[in-house]
Each structure stands twice: as structure tokens, then as C-alpha cells.
Amino acid sequence: MATSKTKNMLDKLCEEMDLVCKQLDCDSERTNATESFVAEIFWKMLVETSKKVSHEATKIGLAFGKPPFPDEQEMRSLCITMELSVLALVSVFYGLPKEQGLTLRKQVKLAVQDIVKSVGGLSREVQGKSLNGDKFQFLVGSIWECCERVQNLSKDNISAVSKVVSMNKELIDDAYDELQGAIQKAVDMKNDGEQVFDSDEEEDEEKWRSDEVDVAVAARGLVKVSQYCFKKAVEVVKTAKEASTSNLDAISRAAESVSAIVDVFVSYLYPPMNKRDRKSVV
């Protein structure tokens with residue numbers, strides 16, 4: 001939709017958004033925080049700057065909602081104000097000290113990154129030769145949603161870690177329920193006398209053999225143990241008001257690591273069972 005006069009401006013905005021995302025990826029420990037950090041002020045500024053980005057997205061949405069579309073001067077103004085609002089948001093993020101918790105910092109970083117990526121996506125759509133109205137409005141809406149999510153972020157490291165552990169506990173619970181359902185179905189079929197376990201024919205590749213059902217049942221016990229550990233971890237974090245930041249971050253990392261391992265482990269149990277990969281995970 002962009003003309004030759006405005007394409008360079010949009011190119012610059014896209015490049016700037018890509019650069020900011022890369023900096024956030026590669027420099028997660030960077031900070032411009034001071035010893036006088038005040039959490040209430042930080043969160044107020046983060047919400048305000050995210051609302052500013054949302055407002056700029058609305059302006060772009062209105063400008064390209066219907067003809068006449070912005071001229072060169074108007075486009076320059078839109079690009080500059082959007083870029084400045086995004087950079088202001090990122091600057092506020094860098095004011096969050098890592099001492100406040102790496103899990104909290106990661107949560108905020110990902111939220112900011114989602115906003116930056118959404119702005120880049122909108123810029124590329126405007127930059128295209130033709131403007132897809134539905135997609136354009138969807139991209140504007142995506143920026144609004146990303147900005148609104150900032151208001152619902154955890155405000156301290158305990159809450160952030162609790163959210164991570166609880167989320168991964170739900171994933172473990174889902175994995176257990178799915179595995180339990182598959183085992184119960186296989187056992188019911190066996191009890192009903194259906195001949196589905198010992199065939200090596202290609203059409204039975206999606207069914208367990210008898211010995212594989214036994215393996216799945218044993219593996220279910222390991223997943224059950226993981227469930228219990230996550231349940232206790234959730235309880236501990238919720239009452240860990242005096243826990244050190246480093247210990248909380250360690251729990252968060254462990255939760256994500258164990259959850260990923262359990263997910264891979266369970267995926268290898270489904271027929272056809274991949275015994276070699278299953279052993280490597282265990």
C-alpha cells in the first residue's frame with residue numbers, strides 16, 4: 001500500500017523493530033536500573049508507555065482504514081511517533097533490575113518483545129503492494145492485545161515464578177491425563193478380547209503391543225511422580241515470601257526443564273513406541 005515516498009520510512013521502522021527484538025534476545029541481562037528503583041513507578045511507566053504504543057497503533061489503523069491514505073509528511077509523523085513510543089517502552093523495561101528476579105524480568109521482556117514484533121508485523125503489512133483490510137485490522141488488534149496484557153503481568157518475582165510453575169503443572173497434568181486415557185483405552189480393548197496388540201502389520205502401527213502397554217503403565221508412574229513434585233512446588237512458591245530471588249529463579253528454571261522433558265518422554269510412549277529415544281530421555 002505504501003508509495004515510493006513512504007516505503008523508505010516503513011523500511012526504517014521495520015528494521016528498527018527487528019533490531020530492538022534482536023537486542024532484547026541477545027542482551028537480556030542489560031539494564032539501566034538505578035539503586036533508587038521503585039516498583040510502583042516502574043509498573044506505572046510500563047503501563048503508560050504500552051498504552052502509548054497502543055494509541056499509535058490506533059492512529060495507523062485509522063490512517064489506513066480508508067482512502068485517502070497518508071501522504072509523505074503524515075507517514076513520517078506516524079512512523080516517528082510509533083518508533084519513539086516503542087523505544088520508550090523498551091527503555092522502561094531496561095529499568096527493571098535483574099535483582100528483582102530473572103523470572104520476572106523474562107516475563108516482562110517477552111511481553112515487550114511481543115509488542116515490538118506486532119508493530120513490525122503491522123509495518124510490513126502497510127508496506128505491501130496491496131492492503132488486506134481484514135489482516136490489517138487483525139494486526140492492529142494484536143498490538144492492542146499485547147499492550148493490554150502488560151497490565152496483567154506479575155508484579156513481583158514470587159508471582160512470576162508461581163505463574164511459571166502453575167502453568168507447567170497444568171502441562172504435566174494434561175500429559176498424564178492423555179497418557180492415562182490412552183492406557184485405559186488399550187486395556188479396555190484387551191479385556192474385550194480385541195486382537196490389536198501383537199500384530200506387526202503396518203495398519204497396527206498406531207496401536208500398542210502387549211509389552212508396550214506394560215511399558216506405558218510403568219512410565220505413567222514416573223509422570224505421576226512429576227505431578228506430585230509440581231503440586232508441592234506450587235504450594236512452596238505460594239508461601240515463599242522470604243525465599244531468595246536466586247532460589248525462586250532456580251525453581252522456575254527447573255519447572256520449565258522438567259516439564260519439557262516429561263512432554264518429550266510421553267510423546268515417545270505413543271505408538272509406534274520409539275524405544276531408543278525413550279531411553280535417551282530417561
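The values are calculated or read from the model by the stated rules, or taken from the named source; none is laboratory data. Here the structure is a predicted model, which means the values were calculated and not measured. As a convention, Cβ positions derive from the backbone with ideal geometry for all residues, glycine included, and neighbour counts pool all protein chains shown. Ligands, DNA and RNA are excluded from the accessible area calculation, which covers all protein heavy atoms including side chains. Shrake-Rupley method; radii C 1.70, N 1.55, O 1.52, S 1.80 Å.
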Worksheet item: Does any residue of segment 108-118 turn out to be among the aliphatic types (A, V, I, L, M) and assigned to a loop (DSSP other than H, G, I, E, B)?
Response: no
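Pick from MET17, MET82: which is within 24 Å of GLU145 (Cβ to Cβ), within 22 Å of the chain's Cα centre (by Cα), open to solvent by less than 70 Å² (accessible area, probe 1.4 Å) and touching a residue at least 12 places away in the same chain (Cβ under 8 Å)?
Step by step, each of MET17, MET82 is checked, and only MET17 is within 24 Å of GLU145 (Cβ to Cβ), within 22 Å of the chain's Cα centre (by Cα), open to solvent by less than 70 Å² (accessible area, probe 1.4 Å) and touching a residue at least 12 places away in the same chain (Cβ under 8 Å).
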Practice prompt. Sort out for me the helices (runs of 4 or more DSSP H) sitting completely within segment 1-104 that have 1 or more residues that are among the hydroxyl-bearing types (Ser, Thr, Tyr) and modelled with pLDDT under 90.
Written response: 4-26
Item to complete: Take segment 217-266 and flag every residue that is among the aliphatic types (A, V, I, L, M) and open to solvent by 90 Å² or more (accessible area, probe 1.4 Å).
Response: LEU222
Fill in: Counted residues, segment 143-171 - those being within 15 Å of the chain's Cα centre (by Cα) and hydroxyl-bearing (Ser, Thr, Tyr)
2
Discussion item. Pairs please, first residue from segment 148-177 and farther than 16 Å from LYS231 by Cβ, second anywhere and open to solvent by less than 90 Å² (accessible area, probe 1.4 Å) and in a loop (DSSP other than H, G, I, E, B), Cβ atoms under 6 Å, 6+ apart in sequence or on different chains.
Written reply: ASN157/GLY101; ALA160/SER154
Worksheet item: Residues in segment 60-79 that are open to solvent by 20 Å² or more (accessible area, probe 1.4 Å) and within 27 Å of the chain's Cα centre (by Cα): how many?
Response: 0
Worksheet entry | Extreme residue, farthest from THR245 (Cα to Cα), among residues of segment 99-121 that are surrounded by fewer than 21 Cβ atoms within 10 Å (Cβ to Cβ) and among the charged types (D, E, K, R) | LYS117
Practice prompt. Give segment 126-172 a look and list any residue that's of a type in the set (Gly, Ala, Ser), part of a loop (DSSP other than H, G, I, E, B) and surrounded by fewer than 13 Cβ atoms within 10 Å (Cβ to Cβ), or say none.
Written response: SER130
